[in-house]
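The values are calculated or read from the model by the stated rules, or taken from the named source; none is laboratory data. In this text the structure is predicted, and so the values were computed from the model without any measurement. Cβ: placed from backbone, ideal geometry, glycine included. Neighbour counts: every protein chain shown. Note: areas computed on protein heavy atoms with side chains; ligands, DNA, RNA excluded. Shrake-Rupley method; radii C 1.70, N 1.55, O 1.52, S 1.80 Å.
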Amino acid sequence: MTVAWEGAGWEQLAPRVGRCRLPVWDCTVGLVAGADSALLIDAGSSLREGARLRAQARGLLGGGRGVTHLALTHAHFDHVLGAAALAGAEVIGAAGLDTVLATGGAELRADAVRNGLDAGEADGAVDRLVRPGRLIAGERTLDLGGGVRALLADVGPGHTAHDLAVLVTDVPGTPATVFCGDLVEESGEPQAGPDAVPARWPAALDRLLALGGEDARYVPGHGAVVDAAFVRAQRDALAARFGVS
């Protein structure tokens, strides 16, 4: 299938892999369009944003198709609060993410409002907070059809205790695409909040690099697409920052 990424305001990363950078917090959302199924990576910061992503995905996929799988890279408001708008999609996260979302709604709401999300929108999204039905411990591959595969890997802890990365292979001969969540950031220094695990973050990036290799495109949670050299340099900077090897 052919996807007209640019015409819809999305950035093409591979023939059947694209991403958009959402306004305000510059959060990346990815879409992988297989012949049989479609995977969305992260869901935006509100139900309104999630509904807009759902509609855009349907337009890109065509033929009345919608998102069948939703991967949440980690439990921060700008990545998960739109999930309830993707009704019918299987929600996937790293092992332990379900517990964080089950118990951390109040903190998610507070963080969202602190960062400028309207309190009413935050309330509505937290009231309908979706927990993953499929949990990844280690690695699991989704066959999306037509030769498109997404390997979901629990590579954390690092940015949070439960960080999921997604490695996508598309047309043979094209580099793989790795969606990194906020383990990697390009538009600013990586953010280490109270739920970060700094001592283990460099090792998480080692696992990420082993997953994608030297030729992959690495898609940060915030910012422009980068290469392996950028990820390695950020790994070394984090090790120096946190005093770990």
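Quick notes
- Meets criteria (modelled with pLDDT of 95 or more, open to solvent by 10 Å² or more (accessible area, probe 1.4 Å) and of a type in the set (Val, Ile, Thr)) for Val168: no
- Candidate set: region 53-67, residues that are of a type in the set (Gly, Ala, Ser), out of contact with any Gly (no Cβ under 7 Å at 6 or more places or on another chain) and assigned to a helix (DSSP H, G or I); chosen: the one nearest to Ala43 (Cα to Cα): Ala55
- Looking across region 68-94, the residues that are closer than 26 Å to Gly116 by Cβ, within 13 Å of the chain's Cα centre (by Cα) and not in a loop (DSSP other than H, G, I, E, B) come down to Leu70, Ala71, Phe77, Asp78, His79, Val80, Ala83, Val91, Gly93.
- Qualifying positions in region 11-34 - outside any strand (DSSP E or B) and open to solvent by 10 Å² or more (accessible area, probe 1.4 Å): Pro15, Arg16, Leu22, Pro23, Val24, Trp25, Asp26
- Here Pro175 clears all of (1) closer than 23 Å to Gln12 by Cβ; (2) outside any strand (DSSP E or B); (3) touching a helix residue (DSSP H, G or I) at 6+ places or on another chain (Cβ under 8 Å) except the condition numbered (3).
- Any hit, region 74-89, residues being surrounded by 23 or more Cβ atoms within 10 Å (Cβ to Cβ) and among the acidic types (Asp, Glu): yes
- Residues located in region 35-55, provided they are buried (at least 24 other Cβ atoms within 10 Å of the Cβ) and either within 16 Å of Asp170 (Cα to Cα) or touching a Lys or Arg at 6+ places or on another chain (Cβ under 7 Å) (or both): Ala38, Leu39, Leu40, Ile41
- Selected residue (criterion: most open to solvent (accessible area, probe 1.4 Å)) from residues of region 199-210 that are under 18 Å from Glu186 (Cα atoms) and of a type outside the set (Asp, Glu): Leu209
- Across region 179-201, a minimum of one residue is classified as closer than 21 Å to Gly44 by Cα, assigned to a strand (DSSP E or B) and either in contact with a Ser or Thr (Cβ under 8 Å, 6 or more places away or on another chain) or among the hydrophobic types (A, V, I, L, M, F, W, C) (or both).
- Which listed residue is open to solvent by less than 50 Å² (accessible area, probe 1.4 Å) and either under 24 Å from Ala199 (Cα atoms) or polar (S, T, N, Q) (or both), from Ala150, Ala95, Ala125, Ala110: Ala95
- Any hit, region 121-137, residues being at positive phi and not aromatic (Phe, Trp, Tyr): no
- The set of residues in region 103-136 being aliphatic (A, V, I, L, M) and either under 17 Å from Gly50 (Cα atoms) or in contact with a Lys or Arg (Cβ under 6 Å, 6 or more places away or on another chain) (or both) consists of Leu108, Ala112, Leu117, Ala119, Ala122, Ala125, Val126, Leu129, Val130.
- The residues of region 211-240 that are open to solvent by 60 Å² or more (accessible area, probe 1.4 Å), of a type in the set (Lys, Arg) and free of Cβ contacts under 8 Å to residues at least 40 places away in the same chain amount to a single one, Arg232.
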